[in-house]
Each structure stands twice: as C-alpha cells, then as structure tokens.
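The values are calculated or read from the model by the stated rules, or taken from the named source; none is laboratory data. Nothing here was measured: the structure is a model prediction, and the numbers come from that model. For neighbour counting, all protein chains shown are included, and Cβ atoms are generated from backbone atoms with ideal geometry for every residue, glycine included.
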Amino acid sequence: MLYVGVDLGTSAVKLLLMEADGTIRNIVSKEYPLFLPHPGWSEQNPEDWLEKTLEGLQELTRGYDSQQIAGIGVGGQMHGLVTLDDQDRPIRPAILWNDGRSEEETRYLNEEVGKKKLSEYTANIAFAGFTAPKILWMKKNEPENFKRIAKIMLPKDYVVYKLTGMFCTDMSDASGMLLMDVKNRCWSQEMIEICQITEQMLPKLCESYEVAGTLRPQMAEKAGLTEKVKVVAGAGDNAAAAVGTGTVGEGRCNISLGTSGTVFISSKNFGVDQYNSIHSFAHADGYYHLMGCMLSAASCNKWWMDEILNTKDYEAEQSKIEHLGENSVFYLPYLMGERSPHNDPKARALFIGMSMDTTRQDMTQAVLEGVAFGLRDSLEAARNLGITVSRTKICGGGARSSLWKKIIANVMNLKVDETESEEGPALGGAMLAAVGCGEYPTVEAAVEKIVKVVRTVEPEPELVEKYERQYRRFREIYPAVKNLY
C-alpha cells in the first residue's frame, strides 16, 4: 500500500508519497501567499492551504493506482489561529505562529494570570506565537468577529476537517495552543474560562496516529483518490519531523533547520522546565517531548542571501568560508522576535563586530553561526534540567548544507546523524498514516523499520573549544542590547 504525508508549511505545502517500507516514490510542493499587513503581523488564508493541498494530491498520485493509496497524514505549522463561523467559513485570515501582535495579551497571561498558574494548567507559559493570546487579541480588537466563532482550530486541522468532515486535532499540535493540559492530555478548563470560549468550540483531541475519518466524496474527487482513503489526526510540524527522523521514545534529539529552528528532545515521561524557557508538549508517538524554538533559523540565511546579497547560489557563498570558530562578526538571529529562551517579540536581528576588513564571507558565516548559537540556547536549557544529549538527528531545508551541519555539530558539541531522507514532517506524516492504517503496530515500530542513519558529522575537539569561547561572547550580546528594542 501507499501512504501520503503532507507538510503544511509557512510558504508552501509539501506532499510525499511513500511505500509501506519507507521508500519515497514522489514529492510535490505547492506555494501559497503569506500576508504581512502590519509590522510583526503574519497571516494566511486557510482556503489557500486546502486548494494547494488538493492540487498537490492530484499531481503527487498521478500515474499511481488510487486503490493502492491507503492513508494520509498531515503535519503542519503550529500555533496558528483558525476561526470558523457557524457556516464553516473562515471568519478572518489565520493568524500564524510567527505573528507578534499579541504582546499585550501575552503579558497579561504571564503577569496577571501568572506563569506559575499557566504552568500548572498547561505545562507552559504564554508566548506571543501561541494560540490563546491570539484568541484574547481577537476578543479585544475584533469583538464582532470573536462573537461569530463557532470553531477554533489549527492550520493542519482545517485541512483535515475539510477533507474528512471531522473536527479534531492531535495532542502534539494542541499542546502549543496554551489551551491543553499537557500532562493529562485533555483541554484545560481553566484556560477555556480565561479565554472566554467554550469546549464545544475546540476540536476533539486525538493521538496523532488515530484515524480522523475517510475522504468526503467531493474531496476524494478533487484529489483524484477514493473515498476509502483514511486520514489520521496528524501532528504539529516539529513532532511530525521528529517521527520522520526517528526521534521517538526516550532521550532522542532532533534539530530542525526550517523557517524556524527547534531543538526537540523526546521522552516517555512528562516533565516541565521550571524556568519556562523551553516548551513541554505531548509527542506524536503517544508520549511527551521538550522543545526549544527559535522563530528565525533557515529564514535568516534565506533573507541574507535573497534580499541582501541578491543571490540564489547558497552553496557558492558558503564554499568561500574557511576559518570556523574565529569570526569577529556576530549575528543575532531575531528577525521576527524570539521565543526560546528570551520570549521577546520585540527582539530584532543585528550584526555586531564589523570592521574595515570585514568580508562578505565573514557576515555569511556569522548568520550560520548565529542560528547555531541560538539553537544552543535551547540545548543549554534542556541540559539545565539534567538531560544528557550526545547526538542528534537533523532535518529541514538548512540541513542540506554540509557546512551548517559542521558548525552545528561543533557549536553544540553533538554528533549529528544524517538520515537517508531529509523530508522530516512530510515523511513523518506518511509514517503516522501507515500506523493509523495498521501497517505498523506503533510509531516506534515504524521508525525502526523506515528511518536509517547514513552518515554522522562528528564534533572536532579543537573546533568545539573555539566555538565554546564564541558562544560565551554571543550570550552577552542580547542582554546588552535588550533595552534598545
């Protein structure tokens, strides 16, 4: 049988067709627009996600026997607020994960409700990107729209709802709404009351591999598939990526170098960071994970290359970089504010340390290193909890860069394992579909069969030492400039 994985990203939806043994048969990507109506705002139209997903499904499966396609699993951008009225129409454009408009509501939750209570209710504190502050923003700033809300969901849940007619979400994605009691895997009644919504507005909670439903006739026709195709609840993009890289079970790590960047550590036991600098979420394997998230990762390099250097030849720019661990230029990777560990939506990127002999290569190197240092901030938060990590998987568009992987291995002093496939969230979605359809008994069993490590980037002691000194200098920059934002 064949399984489809869908990665509903910020700039495009990527679809992957996988055989039961993990062999990838086809990959398709479809772009859609991102709207930035005000500084710090970030929105998309949910209808665009569905339209491009259906187009992608048609193209992905063309030439294959539709009877052989058994299931679909959707991974997607987390935290976005999608609101529907009683006619199932989007009330307004979706407010995305990297939108910073809810600073005031975030402060209210953290300071007036209190971080301690939030952590008790949800295992997390409020961040501007989370869904609950966005709901409060909508209540205050768009009261007429707020009154029309019949359903609240996350981006990938909108696609699943339209495909199947089932109003549901999964535990991993719901964990990032600040509405879910993560420890007990249920909605938090306290947060529902604080946000002045009802539980009926929220979707049914499912495990990621649970079958949400089958394709509705109209959707099956548009996708070129049969109505027998099962659609599982799916997962947040980071949890789906973790499945795709084999980061499940106890004590495994994955670094994602996508638009945003994450350090993801899986665990069979529930745990909370007492300093609230990293998130405590449910995982797509049925257990839990800790995750640190930086809002701008590979997007920093894309901005630098595309907008500033005006080039698409990333490899050529990186090929000229030679002296690692010795750069006098530093870069703060906060283009859209920052989440872990600073929780500061006003933070912005900057270069520091330039002189008359600074080169184009120095600044390109600083961007790559700045992202690696930002990721290490999250790793250090996990280490402060007593978590020991010696190696990590890696995925995302930035993971295609050999140089960047080398920098990360040495900045973080971790062995970086490269898997046979770098298709993280889309592959994870397909694997969850395979579990939901009974191809594998558990997510861990699917990982054991499908995910293969093909090479490892080893940290080099001398370079690790150099980057240790550089990281200490990097850590001093944000506190020094914080009051300027």
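Which condition number in (1) part of a strand (DSSP E or B); (2) without any contact (Cβ under 8 Å) to a residue 60 or more places away in the chain is the one that ILE152 fails?
Unmet for ILE152, out of (1) part of a strand (DSSP E or B); (2) without any contact (Cβ under 8 Å) to a residue 60 or more places away in the chain: (2).
Looking at this structure, is LEU163 touching an Asp or Glu at 6+ places or on another chain (Cβ under 7 Å), part of a helix (DSSP H, G or I), crowded, with 18+ Cβ neighbours inside 10 Å and in contact (Cβ under 8 Å) with a residue 40 or more places away in the chain?
no
Any residue at all in the range 188-202 that is hydrophobic (A, V, I, L, M, F, W, C), touching a Phe, Trp or Tyr at 6+ places or on another chain (Cβ under 8 Å) and touching a residue at least 24 places away in the same chain (Cβ under 8 Å)?
Going residue by residue through the range 188-202, those that are hydrophobic (A, V, I, L, M, F, W, C) are 191-192, 194-195, 197, 201-202.
Okay, now just the ones that are also touching a Phe, Trp or Tyr at 6+ places or on another chain (Cβ under 8 Å), so 191, 202.
From what is left, the residues that are touching a residue at least 24 places away in the same chain (Cβ under 8 Å) are 191, 202.
Yes, because at least one residue in the range 188-202 is hydrophobic (A, V, I, L, M, F, W, C), touching a Phe, Trp or Tyr at 6+ places or on another chain (Cβ under 8 Å) and touching a residue at least 24 places away in the same chain (Cβ under 8 Å).
Residue by residue through the range 406-429, note down the ones that are among the β-branched types (Val, Ile, Thr) and either touching a Cys at 6+ places or on another chain (Cβ under 9 Å) or outside any helix (DSSP H, G or I) (or both). Let's see the steps before the verdict.
Going through the range 406-429, the residues among the β-branched types (Val, Ile, Thr) turn out to be 407-408, 411, 416, 419.
Passing the criteria: VAL416, THR419.
Would you confirm whether any residue within the range 52-63 is under 29 Å from SER256 (Cβ atoms), assigned to a helix (DSSP H, G or I), touching a Phe, Trp or Tyr at 6+ places or on another chain (Cβ under 9 Å) and modelled with pLDDT of 95 or more? I'd like the intermediate steps shown before the answer.
Taking the range 52-63 as the starting set, the residues that turn out to be under 29 Å from SER256 (Cβ atoms) are 52-61.
Going one step further and asking which of them are assigned to a helix (DSSP H, G or I), we end up with 52-61.
Checking which are touching a Phe, Trp or Tyr at 6+ places or on another chain (Cβ under 9 Å) leaves us with 52.
Adding the requirement that they be modelled with pLDDT of 95 or more leaves 52.
There is at least one residue in the range 52-63 that is under 29 Å from SER256 (Cβ atoms), assigned to a helix (DSSP H, G or I), touching a Phe, Trp or Tyr at 6+ places or on another chain (Cβ under 9 Å) and modelled with pLDDT of 95 or more.
Of all the residues that make up the range 338-380, how many are outside any loop (DSSP other than H, G, I, E, B) and out of contact with any Asp or Glu (no Cβ under 6 Å at 6 or more places or on another chain)? Spell out how you get there, then give the answer.
At the first step, the residues of the range 338-380 found to be outside any loop (DSSP other than H, G, I, E, B) are 338, 344, 350-352, 360-380.
Right, trim to out of contact with any Asp or Glu (no Cβ under 6 Å at 6 or more places or on another chain) and you get 350-352, 360-363, 365-380.
Going through the range 338-380 one residue at a time, the tally reaches 23.
Suppose we keep only residues that are of a type in the set (Asp, Glu) and buried (at least 16 other Cβ atoms within 10 Å of the Cβ) within the range 20-50. Which one would you say is nearest to the chain's Cα centre (by Cα)?
Our first condition is that a residue be of a type in the set (Asp, Glu); within the range 20-50, this holds for 21, 31, 43, 47-48.
Next cut, buried (at least 16 other Cβ atoms within 10 Å of the Cβ) only: 43, 48.
Details: GLU43: 16, ASP48: 19 Å.
Result: GLU43.
If I filter the range 247-289 down to residues being under 16 Å from the mean Cα position of the chain (by Cα) and small (Gly, Ala, Ser), which single residue comes out as farthest from PRO341 (Cα to Cα)?
Looking at residues that are under 16 Å from the mean Cα position of the chain (by Cα) and small (Gly, Ala, Ser), I get ALA284.
So that you can scan it fast, the table gives a plain yes or no per residue for (1) of a type in the set (Asp, Glu); (2) buried (at least 16 other Cβ atoms within 10 Å of the Cβ); (3) more than 30 Å from LYS140 (Cα to Cα):
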{"residue": "ALA174", "(1), (2), (3)": "no, yes, no"}
{"residue": "LEU178", "(1), (2), (3)": "no, yes, no"}
{"residue": "ASP181", "(1), (2), (3)": "yes, yes, no"}
{"residue": "TRP187", "(1), (2), (3)": "no, yes, no"}
{"residue": "MET191", "(1), (2), (3)": "no, yes, no"}
{"residue": "ILE194", "(1), (2), (3)": "no, yes, no"}
{"residue": "GLU210", "(1), (2), (3)": "yes, yes, yes"}
{"residue": "GLY213", "(1), (2), (3)": "no, yes, yes"}
{"residue": "GLU221", "(1), (2), (3)": "yes, no, yes"}
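Can you pull out the residues in the range 426-457 that are surrounded by fewer than 13 Cβ atoms within 10 Å (Cβ to Cβ) and farther than 14 Å from ASP285 by Cβ?
Selection gives GLY438, LYS452, VAL454, ARG455, THR456.
From the list GLU462, GLU422, GLU458, GLU418, pick out the single residue that is within 30 Å of ALA212 (Cβ to Cβ) and among the acidic types (Asp, Glu).
On the way: GLU462 fails: within 30 Å of ALA212 (Cβ to Cβ); GLU458 fails: within 30 Å of ALA212 (Cβ to Cβ); GLU418 fails: within 30 Å of ALA212 (Cβ to Cβ).
GLU422 is the lone residue from the list that is within 30 Å of ALA212 (Cβ to Cβ) and among the acidic types (Asp, Glu).
Please go through (1) closer than 15 Å to VAL243 by Cβ; (2) assigned to a helix (DSSP H, G or I); (3) in the same structural domain as SER260 (by TED's automatic domain parsing) for LYS393 and return the number of the only condition it doesn't satisfy.
(2)
Within the range 323-333, which residues are free of Cβ contacts under 8 Å to residues at least 60 places away in the same chain, out of contact with any Cys (no Cβ under 8 Å at 6 or more places or on another chain) and under 17 Å from TRP304 (Cβ atoms)?
VAL329
Can you tell me how many residues in the range 430-451 are without any contact (Cβ under 8 Å) to a residue 60 or more places away in the chain and assigned to a loop (DSSP other than H, G, I, E, B)?
Within the range 430-451, residues that are without any contact (Cβ under 8 Å) to a residue 60 or more places away in the chain and assigned to a loop (DSSP other than H, G, I, E, B) number 3.
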